[in-house]
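*Asks:* Dumping the structure here so I can ask a few things about it.
Just so it is clear, none of the values below were taken in a lab; they were calculated from the coordinates. For clarity, every value in this text was computed on a predicted model and none was experimentally measured. Quick reminder, even Gly has a Cβ in these numbers, built from the backbone with ideal geometry, and neighbours come from all protein chains shown.
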Amino acid sequence: MNRFLIIIFFLCAATSVMAQIGRRQSGLQLRSQSGDELSYLNPKEYIVGGTTVSGAQYLEKDILIQISKLITGERITVPGDATANAVKFLWQQGLFDDVKLSGTVKGDTIFFDIAVVERPRLTRMEFKGMKKGETNDIKEKLKDRTGKIVNEALKSTTTAIIKKFFNEKGFLFTEVKYEQKKDTTEANNVVLIVDVDKKTKTKIDDISFEGNKDFKDKHLRKFLKKTKEKSTFNIFRSGKFLQDKYEEDKRTMIAKMQEKGYRDAEIVSDTVIKKPTGRVDINIHVYEGPKYYFGNVTWAGNAVYTTKALAEMLAIEKGDVFSEEKLEKRLRGNPNGEDISSLYLNNGYLTFNVDPVQTKIYGDTIDLELRIYEGPQYTINKVTVKGNDITNDKVVMREIRTKPGQKFSKELVVRTTREIAQLGNFDEQKTDVHPTPNPADGTVDIEYVVAEKPSDQIELSGGFGGGRIIGTLGLTFNNFSARNLFNLKEWKPLPKGDGQKLSIRGQTNGKSYQSYSFSFSEPWLGGKKPIYFGISAFTSLSSNDDYARYYNYTDEQKYRIRLNGVTFSLGKRLKWPDDYFNLNHSINLQQYKLKNYPGFLFSTGTSYNFNLTEELSRNSIDAPIYPTSGSHIRLTVQLTPPYSLFNNINYKTAVDQDKYRFTEYHKWKFEAQWYQRIVGKLVLKTQAQFGFLGQYNNAVGQSAFERFKLGGDGLQGFDYLQGSEVISMRGYENNNVTPLGYEANIARYSGSPIFNKYIVEMRYPLMNSQQATVFMLTFVEGGNTWNHFKDFNPFNVRRSAGVGARIFLPIFGLLGIDWGYGFDKVYDTTDNMLRKSGGRFQFSIAQQLGGGF
């Protein structure tokens with residue numbers, strides 16, 4: 001009995017204490033109409049007569065009343081859950097520093113007042129501990145915070161954004177602290193001072209693994225492509241820890257393990273351990289599971305192709321290591337189109353689908369059934385183009401290989417998108433294809449969606465050469481329309497839309513050097529067949545007249561060279577061996593007028609170069625600006641008539657005017673480029689070039705023109721107009737890769753008749769959009785020149801290596817900068833001594849994207 005009374009006493013005491021606590025927590029004060037405070041131990045039921053809010057300056061009072069749920073007319077128990085929840089709901093908003101609830105009772109009606117103290121609002125944030133660029137980036141991410149309530153939630157989200165920003169840059173342990181100061185210009189506003197301590201960049205000391213048996217630690221580390229340990233000996237391995245790259249690498253590692261047959265592989269746990277040095281160790285606990293193999297592979301639903309034919313294309317045998325990635329690639333993911341899906345889609349089966357089902361797993365073997373839905377065979381009905389606001393429909397439509405009436409073909413759709421990209425008028429990243437099947441009649445409508453991009457280019461540059469400033473102005477219109485040349489309504493600012501190319505270029509440093517060129521090309525002569533037509537002409541003059549007048553030169557000291565030329569070209573796309581081939585014919589006529597001009601086999605006289613050029617090329621690269629696959633191969637043969645065989649001139653005794661009046665030679669050039677995607681966006685480019693200038697008659701000797709000059713940035717300048725062909729080679733000065741020996745100086749000025757060059761280049765894009773294409777590259781090169789074929793050795797090359805960057809702007813073309821280091825000796829142009837070339841920067845402007853001849 002006594003024990004029972006003690007329990008009752010403690011229960012009553014606890015109830016009284018809890019009531020007092022609840023009273024303080026809710027801030028509720030109740031008084032009767034007479035002013036006497038009501039007892040909390042005796043709650044009563046009242047009707048809510050009304051609710052007011054006091055102390056709110058910036059918040060809507062009606063909304064606060066709705067949040068409190070003290071609604072006029074409702075019957076509630078006071079004190080009770082309704083009053084306690086009213087205060088709790090308002091606190092949960094995070095808008096107040098204090099909330100108090102009071103009530104006045106009149107009979108059976110109660111009137112409430114909610115007294116609040118609002119938290120301050122944010123005027124701005126001021127940052128400490130960061131660089132200017134980092135501060136600007138963070139401000140951009142937090143620009144929507146101004147005017148918000150300053151509470152723990154605001155600070156928490158701000159901290160998360162700042163930490164994420166620096167985590168992505170390798171600062172894993174960034175700390176953020178806050179201070180507040182009153183804003184004197186705004187009532188109830190504060191300035192939040194954000195103090196950011198980035199710490200040091202997080203480096204990885206060690207990556208260890210647990211649970212792996214068949215995979216060695218070193219193999220698993222290789223799968224973590226972007227998460228590497230800090231290396232003392234490898235300066236390119238920084239060991240930087242980036243959280244997002246780490247998460248990506250973990251997924252890649254598991255995918256690689258599954259590709260090796262361990263389909264159950266997973267990461268059980270992983271830990272990033274901070275060390276006192278600020279670096280981290282990473283421990284990854286993996287579960288390998290058993291290694292699986294393909295078992296029996298059966299087919300269901302195939303009627304068009306036999307099981308044998310499908311199995312041969314699948315090329316998976318019983319006992320092969322099981323790999324879902326390999327299976328998917330053979331079914332529908334082969335970039336070369338050698339997969340089951342492409343087999344059907346190239347034959348009109350647009351709605352084809354294949355579903356691999358694992359029918360049985362026994363031990364380490366998995367049986368598969370490949371369930372095929374072939375569907376109907378579709379015929380192309382309508383083909384349309386959308387988005388070509390400037391380019392005429394016919395220019396795009398003539399490149400389209402999917403024609404109405406043909407069976408649908410995925411291969412032809414892919415080829416069409418490539419051909420549209422090769423036009424250079426559209427953003428290849430935004431080119432899309434929308435096939436719309438019509439099951440009722442078995443047809444499909446195809447819509448090609450394109451986006452125009454600026455294709456015209458301007459070359460405006462100044463440089464220093466020949467002791468003078470040289471100015472260049474060039475205009476290239478890549479989507480010109482000659483038929484609208486006299487239609488002023490189409491001048492915007494020039495007539496456009498027919499896919500023709502018009503180029504005008506001028507270069508001068510005053511009276512001593514002037515050069516002007518013009519070219520026009522039409523890729524579809526007549527508009528019905530892909531027959532290329534081009535015409536170009538140039539004239540140039542170089543002299544020392546200005547110096548001659550200033551220094552009173554004699555006639556023997558004055559020099560002058562005048563060059564004139566015109567070229568007509570006609571080309572055609574071939575269908576054999578395949579339709580990537582082109583054959584181009586050119587007729588060229590050039591005139592060289594020299595007076596006391598040094599550097600050639602003769603210095604005074606007039607020479608004519610009349611030649612026929614045949615060029616056979618095959619171009620299968622996937623994009624003109626940043627190719628990722630395909631090749632570009634080109635063989636060029638240039639021939640002049642063999643004048644010496646029928647002009648009855650004795651070349652042993654002939655004067656220069658007779659000997660070199662008609663230039664004769666045969667010239668052979670070969671170039672091949674290959675592009676291959678290595679991983680992700682990383683692309684490997686390999687290139688080989690060879691050139692040979694031959695002679696018909698030993699008595700005549702080598703041609704004075706059309707020789708090769710190797711080395712430097714490859715910009716043509718004077719050399720192009722003086723009848724030499726300039727080939728770039730990074731890491732060496734212009735025209736400085738010459739044969740060793742007494743003929744080196746001659747080769748430097750006039751060029752050599754033989755050259756070859758090799759390039760291996762790794763490219764990675766930083767931006768690839770309509771506005772600009774930017775990519776970084778590393779390279780190794782080898783090349784050399786020879787004056788005699790008996791000395792030719794394709795493996796005896798001068799070598800260089802380096803890094804560079806390219807940016808393609810539609811209005812300026814391709815701009816580049818390279819730093820190359822030449823490893824081998826060449827003649828120093830200052831004192832004609834052999835010295836190692838060493839390192840040097842080189843710039844390139846508007847060069848050919850392929851880097852060819």
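*Asks:* Let me know the Kirkwood hydrodynamic radius for region 121-197, please, with Cα pairs as the basis and the value in Å to one decimal.
*Replies:* 12.8
*Asks:* Let me spell out the model: positive unit charges on the Cβ of Lys and Arg, negative unit charges on the Cβ of Asp and Glu, origin at the Cα centre of region 103-143. What dipole size does that give, in debye rounded to 20?
*Replies:* That gives a dipole near 400 debye.
*Asks:* Towards the positive end of the charge dipole of the chain, with charges on Cβ (+1 Lys, Arg; -1 Asp, Glu), say which of Pro335, Phe426, Ile366 has the farthest Cα.
*Replies:* Phe426
*Asks:* Now for a separate question. Using only the alpha-carbon atoms, how far is helix 243-259 inclined from the longest principal axis of the chain? Give it as 0 to 90 degrees, nearest 10.
*Replies:* 70
*Asks:* Identify all aspartates and glutamates with a Cα-Cα distance to Lys593 below 13 Å; exclude those on the same chain that are fewer than 8 residues away in sequence.
*Replies:* Excluding near neighbours in sequence, the set is Asp656.
*Asks:* Something else about it: Can you work out the Karplus-derived ³J(HN,Hα) for every residue in region 688-700? Use 6.51 cos²θ - 1.76 cosθ + 1.60 with θ = phi - 60°, whole Hz, and x for glycine or proline.
*Replies:* Rounded to whole hertz, the list is 9, 9, 8, x, 9, 10, x, 10, 7, 10, 4, 5, 6.
*Asks:* Quick one: P(r) of region 204-287 from all Cα-Cα pairs, 5 Å bins, percents rounded to integers, in order of increasing distance.
*Replies:* P(r) for region 204-287, in whole percents per bin: 3, 14, 26, 27, 17, 9, 3, 1.
*Asks:* If the viscosity is 1.567 mPa s and the temperature 4 °C, what Stokes-Einstein diffusion coefficient in µm²/s follows for region 106-246 when Rh is the Kirkwood radius over Cα pairs? Walk me through the numbers before you get to the answer.
*Replies:* Values: Rh = 18.9 Å.
For these conditions, the coefficient is 69 µm²/s.
*Asks:* What number, in percent, do you get for the relative contact order of region 193-284 if the mean sequence gap of Cα pairs under 8 Å and at least 6 apart is divided by its residue count? Present the calculation step by step, with values, prior to reporting the outcome.
*Replies:* Working: 120 pairs, mean separation 32.0, N = 92.
Relative contact order comes out at 35 percent.
*Asks:* Let me ask another. Give, as a single signed number, the net charge of other residues whose beta carbon lies under 10 Å from the beta carbon of Gly630, with Lys and Arg counted +1 and Asp and Glu -1. Could you put the intermediate results ahead of the total?
*Replies:* On the way: positive: Arg418, Arg618; negative: Asp622.
Taking every Cβ under 10 Å from that of Gly630, the sum is +1.
*Asks:* Going by C-beta contacts inside 10 Å, put Ile71, Ile621, Ile649, Ile114 in order with the fewest on the left.
*Replies:* Numbers: Ile71 13, Ile621 21, Ile649 16, Ile114 25.
So the ranking, lowest neighbour count to highest, is Ile71, Ile649, Ile621, Ile114.
*Asks:* Follow-up question, since we're still on this one. Tell me which of Val449, Phe209, Val304 sits at the most positive position along the dipole axis of the chain, charges placed on C-beta atoms (Lys, Arg +1; Asp, Glu -1).
*Replies:* Phe209
*Asks:* With an 8 Å Cα cut-off and a minimum separation of 6 or more residues, compute the relative contact order for the chain in percent. Walk me through the intermediate numbers first.
*Replies:* On the way: 1895 pairs, mean separation 39.3, N = 853.
It rounds to 5 percent for the chain.
*Asks:* Then there's this: Report the Cα centroid-to-centroid distance between region 595-637 and region 108-172 in angstrom, as an integer.
*Replies:* 63
*Asks:* Percent of alpha carbon pairs in region 379-449 separated by more than 15 Å? Please report the intermediate quantities before stating the final value.
*Replies:* Details: 1222 of 2485 pairs.
Distances greater than 15 Å cover 49 percent of the Cα pairs.
*Asks:* Next up: Relative to the longest principal axis of the C-alpha atoms of the chain, give the angle of the C-alpha long axis of helix 132-141, reported between 0 and 90° and rounded to the nearest 10°.
*Replies:* Rounded to the nearest ten degrees, it is 60.
*Asks:* Here's a follow-up. Can you work out ³J(HN,Hα) from phi for every residue in region 399-405, in order, using Karplus 6.51 cos²θ - 1.76 cosθ + 1.60 and θ = phi - 60°, giving whole Hz and x for Gly and Pro?
*Replies:* Along region 399-405, the couplings run 8, 7, 9, 8, 9, x, x Hz.
*Asks:* Continuing with this model, one more query. Report, to the nearest 10°, how far helix 81-92 tilts away from the longest principal axis of the Cα atoms in the chain, using its own Cα long axis and a range of 0 to 90°.
*Replies:* It is inclined by approximately 30 degrees.
*Asks:* Given the chain, what percent of its DSSP beta bridges are antiparallel, to the nearest 5?
*Replies:* 85
*Asks:* Let me test this: with uniform point scatterers at the alpha carbons of region 532-665, what is the Debye-based log₁₀ I(q)/I(0) at q = 0.13, 0.14 1/Å?
*Replies:* Results for region 532-665 at q = 0.13, 0.14 Å⁻¹ read -0.77, -0.83.
*Asks:* For region 582-643, take the convex hull of the Cα atoms, compute a quarter of its surface area, and give me that in nm², please. Present the calculation step by step, with values, prior to reporting the outcome.
*Replies:* Working: hull surface 26.9 nm².
Mean orientational projected area (region 582-643, Cα hull): 6.7 nm².
*Asks:* Using only the Cα atoms of region 276-406, construct the convex hull and provide its projected area averaged over every direction, in square nanometres to one decimal. Kindly include the intermediate steps, with their values, before the conclusion.
*Replies:* Details: hull surface 62.3 nm².
Result: 15.6 nm².
*Asks:* For region 50-140, which semi-axes, largest first and in whole Å, follow from the square roots of 5 times the eigenvalues of its Cα gyration tensor?
*Replies:* On the way: eigenvalues 322, 26, 21 Å².
The answer is 40, 11, 10 Å, longest axis first.
*Asks:* So how long is each side of the chain along the principal axes, counting just the alpha-carbon atoms, biggest first, in Å?
*Replies:* Principal axes ranked by extent give 145, 80, 65 Å for the Cα atoms.
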